[in-house]
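Structure, as structure tokens:
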């Protein structure tokens, strides 16, 4: 027994020591950041281009430019998407992270709640030229409303309807559908030619939530009450989810097999001419690498219930994109701010967004000819006029998971031939809502 | 005495037939996904998720060329080799010592040690992640030894991951080495370590090789810890492979090609090692 | 039956002749007592640093309200008492209910997977004990599933299990006409079998490896003696091979059980962030509870509950299997 006691005591002592040290680890940096090492910066870039190697090739010349201007050397690491959030979480917990980093813009509110990111108040925004330089909708996805943003928009994207020109021509469809009814009607003509109508990633939780959110807007359902409580089971929310799932269950425009897609199979199906339409954000590069020529497909705004895209019930896309944030524990706060200013300057915005086929969230940069091609014009207009940010609440990632999962299960029901009714949708959403955190 | 077939009697026909059928079916089961991987790795990207055909219509070796430039595969490979190699060597040596102590000595706390070690296998790895990262960071802050982001930290982590099972397995193997053998060595004047390395280890070679293979594969395939504990220069293969999926694109064909390419040396290593898996007791028994 | 008597599992080893034997030759009490601890020291050090202390921190975390609001300075996170546990075990509420469901799925899945892995691995190892042409190659080949990166291997299975384009439906439906329409494997109830297949495919080579190594330590004279007694092939298997493998099997099955129970990669790559209900393994659940929803306290509480469950299972298992061993000794 003696040994056991000795071992226990040893373990306890070591645990205490390490726990104390570990707890201290998180709060080493004081809250505002410091300027202890003004000549270097570490930057975690997200993987935007076709590969990490290409991203480095795109970024390095710009970073060199920055070093020439300011004398600050930026060490960039392109972090794969699979690792980015985990890396940020561990960095937040330990205080050991980069100075500047890219985040998915839907993470903004959740990361803001951790207090690990520098708040962009008006003064801080002033240092990079003011809030007014940025597109309104992109700013809407930088943190909880009424609080200082946790990040600055860097790249923007929006959903669009990609359609196969040849299949449309064969089916005798003159122009892409502007409303869901038209889409369903066009679907009948396309099916008559033996093609599939619309591709979807039914088992991909994030894709589901993006679409359901937009349908929610079109039905006037917000999914959250103004004070941030989950509200998934309103009649409007049920109608919204049901309409999306009904594209497979009732209207039969989404093939049943798509219920299990989660590996971008729907993009391959579109690229190989199996399906006629696809709702996607910035699919151009993807389609190209799958061997589909740019002349073979057209890009149109995502359909709405009726009329033309606009705000509120005429919303037809979420605001997708990347934000840039400064890590609070930075020891080069001025340099980090300067770097954000550099990356969001008109000049760099044009270069970077062109390279990554995204749309600049900076108004002046949008004027550039590169973003006025027919394809980009659709995305740009969507962002400017008819895109809405996902709910900016701290529980956003939980919302994505539980509602996205509910939709996935409803798709599975539809695929198995089980009926999807108002009641079954409501039950699924009810269950999702109960899984949300109480606070 | 060379090892003879286990049964001195001629095997009955029923045995031979069931063996033939079983091994054929099993080979099919094992190789089917490998075949799919191989053909997928030779397809253009758009064809990978398309209808399955036993003989794909269009083949290309492009993916095998592209894999090297899409991600720095060679660097990752070297990292993995160093990390997994070092973790294996350390883990096996440490486990041999520990298993020897447990197998051949009586001491207080033995039971506590073995059961505690085993209990570490019961906690989901995902919950180790944050505390361990915090510990490494605080060690780094207080001593200046950079454990996170370095190969050293990863080696430390992986060698410990494989320790519990290695120790337990080796205890079993060591126990099955007859005690007369090492006692004879002790009588001959070997110290305890001499008895361990001259008698027990050679006799338990198959077990040690099996444990080494296990330790290597544990380090080789681990994803979660590597994903937060490495950076660009120390990233291992298991994580690096995910670099083939980007925001908009997933290069399935290249993932398959790269996986096959990096697995070839490992399988070749198995081929070389497998004869040690069947050495064993006889080697020690000669002594 | 000479070997079976020398074979003992660590936890149950009675004081044997060795210790007293060495004391004869190695005088110096301190040295004699110190040596085993010295041998254990490195293992103990690493286990403490990498496994035990983080585990204890994890247990501490389970009593904290460690949501995204507090992770930055988690020492300052408020104590939650037993709240995290209450949420996890309240089976009338969806979180607890889902956890319980997922627990049962996991237990069923684990038992089946471990059983199949062991059965296939042992059968293959026994069949390959005798030399035949191509044995070496086959041995290396069988370790291929173990060598392939998990991510790529599981994704390959995803492609094979696809409803419209997969190999599995191509064979079962198009070629053999065994089903009257293509089945879904990745969603719905079949997903359990898909998960099981992948898990067995990935897991059996490990059992094979360990059993194969274990077989090498069975002395040949046992078989020869049995053969002289007129025991046939199958009887030798039952009377010599399997009993001799006991100590190896005891650990192998236990560890396979623990790993399969906690396996995260396979379900995660196969189904993504949210698994179908029929294949909703507990590890993905815990991942969701901690990393996806950023509530590390609840995730830790679920893990501690699991730890308790597995401790009990392991305790019972060790007690039962060791007693079985003793019984066989007596026989």
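Of the residues C:186, C:222, which single one is outside any loop (DSSP other than H, G, I, E, B) and either farther than 30 Å from residue A:413 by Cα or more than 10 Å from chain B (Cβ to nearest Cβ) (or both)?
C:222
Test residue C:243 against the criterion of being more than 30 Å from residue C:275 (Cβ to Cβ), more than 10 Å from every other protein chain (Cβ to nearest Cβ) and touching a residue at least 24 places away in the same chain (Cβ under 8 Å), and give yes or no. For residue C:243, the condition - more than 30 Å from residue C:275 (Cβ to Cβ), more than 10 Å from every other protein chain (Cβ to nearest Cβ) and touching a residue at least 24 places away in the same chain (Cβ under 8 Å) - is met.
In the condition set (1) assigned by TED's automatic domain parsing to the domain that holds residue A:201; (2) touching a helix residue (DSSP H, G or I) at 6+ places or on another chain (Cβ under 9 Å); (3) touching a residue at least 12 places away in the same chain (Cβ under 8 Å), residue A:325 is compliant with all but (1). All told, residue A:366 falls short of being crowded, with 22+ Cβ neighbours inside 10 Å, out of contact with any strand residue (DSSP E or B) (no Cβ under 8 Å at 6 or more places or on another chain) and at pLDDT below 95.
A single entry from C:319, C:327 fulfils the requirement of being at pLDDT 85 or above and either exposed (fewer than 15 other Cβ atoms within 10 Å of the Cβ) or part of a helix (DSSP H, G or I) (or both): C:319.
Each residue in region A:187-205 was checked for being free of Cβ contacts under 8 Å to residues at least 24 places away in the same chain and over 23 Å from residue C:184 (Cβ atoms), and 3 pass. Annotation note: Cβ proximity below 6 Å between a residue of region C:126-148 that is more than 7 Å from chain B (Cβ to nearest Cβ) and a residue that is surrounded by 20 or more Cβ atoms within 10 Å (Cβ to Cβ) (sequence gap 6+ or interchain) occurs for C:135/C:128.
When only residues in region C:109-123 that are within 12 Å of chain B (Cβ to nearest Cβ) and surrounded by fewer than 21 Cβ atoms within 10 Å (Cβ to Cβ) count, which is farthest from residue C:279 (Cα to Cα)? Walk me through it before giving the result.
Kept after step one, since they are within 12 Å of chain B (Cβ to nearest Cβ), are these residues of region C:109-123: C:116, C:119-123.
Retained after the next criterion (residues that are surrounded by fewer than 21 Cβ atoms within 10 Å (Cβ to Cβ)): C:116, C:119, C:123.
Values: C:116: 17, C:119: 22, C:123: 27 Å.
So, considering only residues that are within 12 Å of chain B (Cβ to nearest Cβ) and surrounded by fewer than 21 Cβ atoms within 10 Å (Cβ to Cβ), the one farthest from residue C:279 (Cα to Cα) is C:123.
Yes/no per residue for (1) touching a helix residue (DSSP H, G or I) at 6+ places or on another chain (Cβ under 9 Å); (2) crowded, with 24+ Cβ neighbours inside 10 Å; (3) part of a helix (DSSP H, G or I):
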position	(1), (2), (3)
C:260	yes, no, yes
C:269	yes, no, yes
C:275	yes, yes, no
C:278	yes, no, yes
C:286	yes, yes, yes
C:291	yes, no, yes
C:297	yes, yes, yes
C:301	yes, yes, yes
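Within the group A:401, A:337, A:382, which residue is assigned to a helix (DSSP H, G or I), touching a residue at least 24 places away in the same chain (Cβ under 8 Å) and within 21 Å of residue A:109 (Cβ to Cβ)? Being assigned to a helix (DSSP H, G or I), touching a residue at least 24 places away in the same chain (Cβ under 8 Å) and within 21 Å of residue A:109 (Cβ to Cβ) holds for just one of A:401, A:337, A:382, which is A:401.
Okay, residues lined up against (1) without any contact (Cβ under 8 Å) to a residue 40 or more places away in the chain; (2) in the same structural domain as residue A:54 (by TED's automatic domain parsing); (3) surrounded by 17 or more Cβ atoms within 10 Å (Cβ to Cβ):
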{"residue": "A:278", "(1), (2), (3)": "no, no, yes"}
{"residue": "A:284", "(1), (2), (3)": "no, no, yes"}
{"residue": "A:311", "(1), (2), (3)": "no, no, no"}
{"residue": "A:348", "(1), (2), (3)": "no, yes, yes"}
{"residue": "A:370", "(1), (2), (3)": "yes, yes, no"}
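When A:140, A:146, A:130 are checked against the criterion of being within 30 Å of residue A:378 (Cβ to Cβ), free of Cβ contacts under 8 Å to residues at least 60 places away in the same chain and surrounded by fewer than 23 Cβ atoms within 10 Å (Cβ to Cβ), a single residue qualifies: A:130. For region B:72-86, the condition of being within 11 Å of chain A (Cβ to nearest Cβ), at pLDDT below 90 and either touching a strand residue (DSSP E or B) at 6+ places or on another chain (Cβ under 6 Å) or outside any loop (DSSP other than H, G, I, E, B) (or both) holds for none of the residues.
Could you tell me whether region A:3-20 includes any residue that is at pLDDT 90 or above and either surrounded by 21 or more Cβ atoms within 10 Å (Cβ to Cβ) or not in a strand (DSSP E or B) (or both)? No - not one qualifying residue is present in region A:3-20.
Determine which member of the set B:67, B:94 is buried (at least 24 other Cβ atoms within 10 Å of the Cβ) and either within 14 Å of chain A (Cβ to nearest Cβ) or over 30 Å from residue C:136 (Cα atoms) (or both). Quick ask: steps written out before the conclusion?
Numbers: B:94 fails: either within 14 Å of chain A (Cβ to nearest Cβ) or over 30 Å from residue C:136 (Cα atoms) (or both).
So the residue among B:67, B:94 that is buried (at least 24 other Cβ atoms within 10 Å of the Cβ) and either within 14 Å of chain A (Cβ to nearest Cβ) or over 30 Å from residue C:136 (Cα atoms) (or both) is B:67.
Looking only at residues that are farther than 26 Å from residue C:182 by Cα and surrounded by fewer than 20 Cβ atoms within 10 Å (Cβ to Cβ) in region A:398-432, which one is farthest from the other protein chains (Cβ to nearest Cβ)? Across region A:398-432, the extreme among qualifying residues is A:422.
Scanning region A:278-293 finds no residues that are under 25 Å from residue C:181 (Cβ atoms) and modelled with pLDDT of 95 or more.
Of the residues A:304, A:238, A:245, the single one that is at pLDDT 95 or above and touching a strand residue (DSSP E or B) at 6+ places or on another chain (Cβ under 7 Å) is A:304.
Residue B:152: more than 30 Å from residue B:103 (Cβ to Cβ), more than 10 Å from chain A (Cβ to nearest Cβ) and in a helix (DSSP H, G or I), yes or no? So residue B:152 passes the test. Filtered by the rule that a residue be touching a helix residue (DSSP H, G or I) at 6+ places or on another chain (Cβ under 7 Å) and in a helix (DSSP H, G or I), region C:61-78 gives C:61, C:71, C:72, C:73, C:74, C:75. Residues in region C:293-301: is at least one in contact with a strand residue (DSSP E or B) (Cβ under 9 Å, 6 or more places away or on another chain) and more than 8 Å from chain B (Cβ to nearest Cβ)? Within region C:293-301 (the criterion being in contact with a strand residue (DSSP E or B) (Cβ under 9 Å, 6 or more places away or on another chain) and more than 8 Å from chain B (Cβ to nearest Cβ)), the answer is yes, since at least one residue qualifies.
What are the residues in region C:162-181 that are touching a helix residue (DSSP H, G or I) at 6+ places or on another chain (Cβ under 9 Å), more than 8 Å from every other protein chain (Cβ to nearest Cβ) and not in a helix (DSSP H, G or I), if any? Within region C:162-181, C:178, C:179, C:180, C:181 qualify. Out of B:228, B:264, B:223, B:250, one residue alone is facing another protein chain (nearest Cβ under 8 Å) and within 16 Å of the chain's Cα centre (by Cα). It is B:223.
Scanning region B:126-137 finds one or more residues that are under 30 Å from residue B:255 (Cα atoms), part of a helix (DSSP H, G or I) and more than 7 Å from every other protein chain (Cβ to nearest Cβ).
Of the helices (runs of 4 or more DSSP H) lying entirely inside region A:120-178, the ones with 3 or more residues being touching a strand residue (DSSP E or B) at 6+ places or on another chain (Cβ under 9 Å) and at pLDDT 95 or above are found at A:165-170.
Among the residues of region B:157-191, just one is within 25 Å of residue B:220 (Cα to Cα) and either within 14 Å of chain A (Cβ to nearest Cβ) or surrounded by fewer than 20 Cβ atoms within 10 Å (Cβ to Cβ) (or both), namely B:157.
The values are calculated or read from the model by the stated rules, or taken from the named source; none is laboratory data. These numbers come from a predicted model, not from an experiment. Neighbour counts are summed over all protein chains in view; Cβ atoms, including those assigned to glycine, are modelled from backbone coordinates with ideal geometry.
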